[in-house]
Amino acid sequence: MLLGEHAVLHGRRALVASVNQRLTVTVTPRTDHQLEIRSALGTHCTPLDQPEAHPKFRFILAAAAATPIASGGLTIEVSSEFSDQIGFGSSAAVTVATVAALRRQAGLDTDPREVFLAARAIIRSVQGRGSGADVAASVYGGIVLYRADPLELDPLPVHPPLTAVYSGSKLPTPEVIRIVEERRAQEPERFARLYDTMDHCSGEAAEAARRGDWKAVGQQLDIGQDVMEAMELSNAALDAIIRALRADPGIQGAKISGSGLGDCAIGLGRPAADFPFPIMPVEPAATGLRLDT
């Protein structure tokens, strides 16, 4: 997430970037009426007609339940180039890839919009809510200006260098959302103004990105960080990382990426070699969802 966290759950726009590290789902037919899932998180094999729940594979099992599968069964294998412990949208990525693979295997439409709608519905069924911004990034790649309601999907053909820095801890997104919603209930007018600012930042940053004006994009990121701090979503570790990013001449703007209270900070650009924190250089992927033979 570049801009618009939390506000995107309330009808405002967000700016979300894909990550140039891929997650792959491979499906293979079976003949024993079983559904088997294999990944770095473990293995789960369950009868196709009465699938057993598994906490590590909630999104895959929900995708399988929502898509017709041949009665002989299926093996679903997942491999990933990034960790599920860092907020890079692994849940959205695995859901999108699983939905697309299962839909193609079943002969259903794999048009990007159809995959997006199906994957977003699955994530909402599992989590209870979800904007779908990370789903949009996984499907379309690059950077996407996104609104959940009314739905707005505007992929931008830009791939700027980004620098992600993990803060060392991660509070689950649903927990952060709960905290923010409690605060919003106490100060609805103040939060509405903050969300309007986020919406404006997302729109301005998208227009600047189309022009190639990365200094202006960085300025919007800095404003977005100020809003996140006003919502009390930073902590000491994130504050230190943001200060270091903003002080580096190679970075044009920096903010928390994601729901906050942990996880990553992200900067626009590349820092100097002596940057004081371990960095993860990333770029928006040239393509999002890809179906291989």
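The values are calculated or read from the model by the stated rules, or taken from the named source; none is laboratory data. Quick caveat: nothing in here was measured; it's all calculated off a predicted structure. Because the Cβ atoms are built from the backbone with ideal geometry, glycine has one as well, and the counts that use them run over all protein chains shown. Note: areas computed on protein heavy atoms with side chains; ligands, DNA, RNA excluded. Shrake-Rupley method; radii C 1.70, N 1.55, O 1.52, S 1.80 Å.
What to note about this one:
- Verdict on E36 being open to solvent by less than 50 Å² (accessible area, probe 1.4 Å) and over 17 Å from the mean Cα position of the chain (by Cα): yes
- Residues located in the stretch 43-57, provided they are within 30 Å of A285 (Cα to Cα) and modelled with pLDDT of 95 or more: T43, F57
- Checking each residue in the stretch 18-45 for being assigned to a strand (DSSP E or B), within 11 Å of G73 (Cβ to Cβ) and not polar (S, T, N, Q) picks out V27, P29, L35, E36, C45.
- Any hit, the stretch 62-77, residues being of a type in the set (D, E), open to solvent by 30 Å² or more (accessible area, probe 1.4 Å), in contact (Cβ under 8 Å) with a residue 24 or more places away in the chain and touching a strand residue (DSSP E or B) at 6+ places or on another chain (Cβ under 7 Å): yes
- Residues in the stretch 238-281 that are basic (K, R) and more than 16 Å from the chain's Cα centre (by Cα) were compared, and the one that is surrounded by the fewest Cβ atoms within 10 Å (Cβ to Cβ) is R243.
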